[in-house]
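Quick notes on the structure that follows.
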Amino acid sequence: MIALVSIIVFLGLTLSFVFFFINAFIVWRREGYSLSSSLTLIAGVGVVGVDILFFFNPQFGPAWLQAFATTFLTLLIGYVMLTVWNTISSIILYRLYFPKKDKDYIIVLGSGLIDGYKVGRLLGNRINKGIQFYHEEIAETGKHPKLIFSGGQGGDELLPEGEAMQKYAVEHGVPETDTLIENKSVNTKENLQFSRQIIEKDSGKTDSKVIFVSNNYHTLRAGIYARKLKFDATGVGAPTPFYFLPNAVIREHLAFLVMNKRWNIAIFIGIILLAIIMGLTVAFVPMTPIK
């Protein structure tokens, strides 16, 4: 029975690695090479590492070392799975928000450009969602919100993302007079922070009605940043291509771990301590056989 379970676990881990590797290749081909587009490959390598640790567990070593290794790996993997599930469920729940069509500004958050200058499918979906909301609000209320395209210029990009996004929107029928560009930000927090400055300068007030647009996997984290900045803006999500979802979920999960790094470091230390206690218990507490 143990052998059968071991085979099933081994096959599951192997198939996971194959899936992650193939997915990384697809993402590279469609979104370009970068660290952020290589997360599924890194996860695949991590799966192989876990596979090795489990099946080369010091089974011929002392009992205390086996107890330590088994406890540590079991608790660590369990915690990772729990936090991944929490990330996925939170992202899904955040998508249930449906904003009113009464906004003054629509912030479209930037993303990497293909070949340094082209809007790719992932970013194009964000812009299209912003344009859709723009047209729907005009149709329902007659009010013309302004679209703010937010994104600076990365080291491998030929122009700021905000400029490429505005060009895309104008080519898709949005009047240039209804657009603004934010071209200094380098991350999500700065997207919101710098866009708010542009809104306040353009409108002359601090209570404009604002939404931001990103891909559906990213709106939750952007919303958390908005809350921390005390920026009254909520998000709507654009569809994410299926091939990018595994990479996206991994990226968001890592970002949430970093955002709550103190708490996660404390839990990691707790896992190590519990594993040490288990190892010491096996080493020094005599086990009475059950009769």
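The values are calculated or read from the model by the stated rules, or taken from the named source; none is laboratory data. What you see is a predicted model, and the numbers here were worked out from it, not measured in a lab. Because the Cβ atoms are built from the backbone with ideal geometry, glycine has one as well, and the counts that use them run over all protein chains shown.
Scanning segment 101-109 for any residue that is assigned to a helix (DSSP H, G or I) and crowded, with 16+ Cβ neighbours inside 10 Å turns up nothing. For segment 87-110, taking the residues that are at pLDDT 85 or above and within 16 Å of the chain's Cα centre (by Cα), the one that is nearest to residue 224 (Cα to Cα) is identified as 109.
Which of the residues spanning segment 134-176 are in contact (Cβ under 8 Å) with a residue 24 or more places away in the chain, surrounded by fewer than 17 Cβ atoms within 10 Å (Cβ to Cβ) and hydrophobic (A, V, I, L, M, F, W, C)? Answer for segment 134-176, where residues must be in contact (Cβ under 8 Å) with a residue 24 or more places away in the chain, surrounded by fewer than 17 Cβ atoms within 10 Å (Cβ to Cβ) and hydrophobic (A, V, I, L, M, F, W, C): 158, 159. Among the residues here, residue 128 qualifies as of a type outside the set (Gly, Ala, Ser) and in contact (Cβ under 8 Å) with a residue 60 or more places away in the chain. Selection of segment 134-163 for residues being touching a helix residue (DSSP H, G or I) at 6+ places or on another chain (Cβ under 8 Å), in a helix (DSSP H, G or I) and of a type in the set (Gly, Ala, Ser) yields an empty set.
Pairs meeting the criteria (first residue in segment 220-233 and under 15 Å from residue 251 (Cα atoms), second residue of a type in the set (Gly, Ala, Ser) and modelled with pLDDT under 90, beta carbons under 6 Å, at least 6 apart or on different chains) are 220/90; 221/255; 222/235. Taken residue by residue, segment 116-124 has at least one member that is assigned to a helix (DSSP H, G or I), touching a residue at least 40 places away in the same chain (Cβ under 8 Å) and touching a Lys or Arg at 6+ places or on another chain (Cβ under 9 Å).
When you look at residue 188, is it in the same structural domain as residue 230 (by TED's automatic domain parsing) and over 24 Å from the mean Cα position of the chain (by Cα), yes or no? Judged against the criteria, residue 188 is not a match.
Listed here are the residues, each with its yes/no results for (1) surrounded by fewer than 21 Cβ atoms within 10 Å (Cβ to Cβ); (2) among the charged types (D, E, K, R); (3) more than 19 Å from the chain's Cα centre (by Cα).
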{"residue": "85", "(1), (2), (3)": "yes, no, no"}
{"residue": "121", "(1), (2), (3)": "yes, yes, no"}
{"residue": "127", "(1), (2), (3)": "no, no, no"}
{"residue": "132", "(1), (2), (3)": "yes, no, yes"}
